[in-house]
Structures are given as structure tokens and as C-alpha cells.
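Read the structure below first, then the notes.
Taken together, the values in this text are just the output of simple stated rules run on the coordinates, not laboratory data. Everything numeric here is computed off the predicted structure, so don't read it as measured data. Neighbour counts are summed over all protein chains in view; Cβ atoms, including those assigned to glycine, are modelled from backbone coordinates with ideal geometry.
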Amino acid sequence: MNQQEWNIKEPCAECKACHRAFADKEPIWSRLTFGAEGYERQDCCAVCWPGAQKGDSVSAWKSVYHMPAPPPPEPIKRETAESLLRQFMETEDPSRRSAIFILAVMLERRRLLVERDVKTREDGLKVRFYEHRKTGEVFVVPDPGLRLDELEQVQQEVIALLGGPVPEKASDKKEKPSFDESRGDGPLGS
Ligand SMILES: [Zn+2]
């Protein structure tokens, strides 16, 4: 079940309809459908798009295809908000749900992800669709509907996982957390 709640869908390298490989920076149309196999992503070229919309889309949007760059040489492994988000989304651990949401919001504020759509499923679960600005991947992220105090707690946990400061005394908890600016992990609430 969880695998359908959160999900990363990579862009297709070619048009779903005419199978022509996309060029770098080509405008494309993307849609998500939800079926027995869970979320499915389809990308189409501008020519095929008008005829390609069969069935109900969960979401559809216009985008730009980015040719995947060859992977850079691995630097010394350091956890970032993005790597942590990807790591959590690979798991099916329900306890990661809030952290996944917080990390996605962090990355949206840092303009790495852009929110494309919000939908409420029939079972009442609100789902946010984020697009990765560089890779075009779609991150399907359930919104756990956190209260403000829960939000702050999860935020602290995530900051600690990213190697940030953890309050030592209870009285410190009221203070705003400080951040390693060089890494850009900014606070959510300001
Ligand atoms: Zn096409």
C-alpha cells in the first residue's frame, strides 16, 4: 500500500505515442494515471498530446525534457535533503511519512522541486505532486496533515539527520534552529 502513497516517476526518454526520442529542452506534456499497478507516468511530444489523453488523468502538466547528464564522479558521501528524501522514498516504512513530506517541502522552498498539483484521493489522503526541476522526475508525496507542533518536531528530527544542531536542553527547543548556510538547508517556518 505504501508503495502507492509515495513514488518517484522518472521522465520517459521518448514520446509515449510516436516513440520519438525527446530532444534536450523539448517541451513535453506529462500525465499521471492511477490504475491497478499504481501510478503510471506518460510523457508525450506536443504533436501527440491532444490525441494521447485517453482515460482519467490524476494530473497532467506541461514541462520541458532534460536530457539526463552523465553522473558526476561521486564526491565524499554527505547526506543532503535530496539524498535523504530519495533514501526514505525507497523504503516502505510508514514512520518515514512525515519526514518525507518535510523534506519535500524543504526542497520546494529551495526551488529544487516545484509543486505541480495537489489531489485528494477517494480515501481522503491528500497527495502532492512535485517535479524535480533538473531531472524532471515526479515525486508523489502524501501530505500527512501535520499540526504546527508536530511539524516542528519532525523538522527537528530531519535537521538532526542532516547533521544539524540538536537542542541540548529543553529550554533550547523554543529557539529557532540554526542551519549550515553553505548547504542551504533553510528552516521551513520563516
Ligand atoms: Zn509523439
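Structure summary
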| item | result |
| --- | --- |
| Residue exposure sequence - Thr120, Thr33 - by fewest surrounding Cβ within 10 Å | Thr120, Thr33 |
| For Phe88, Phe139, Phe34, order by how many other beta-carbon atoms lie within 10 Å, fewest first | Phe34, Phe88, Phe139 |
| Volume in Å³ per residue [convex hull over Cα atoms, computed for the range 6-66] | 85 |
| Mean projected area (nm²) of the alpha-carbon convex hull when the range 96-158 is viewed from all directions | 4.5 |
| Contour minus Cα-Cα distance for Asp24 and Glu92 (0.36 nm per residue) | 21.1 nm |
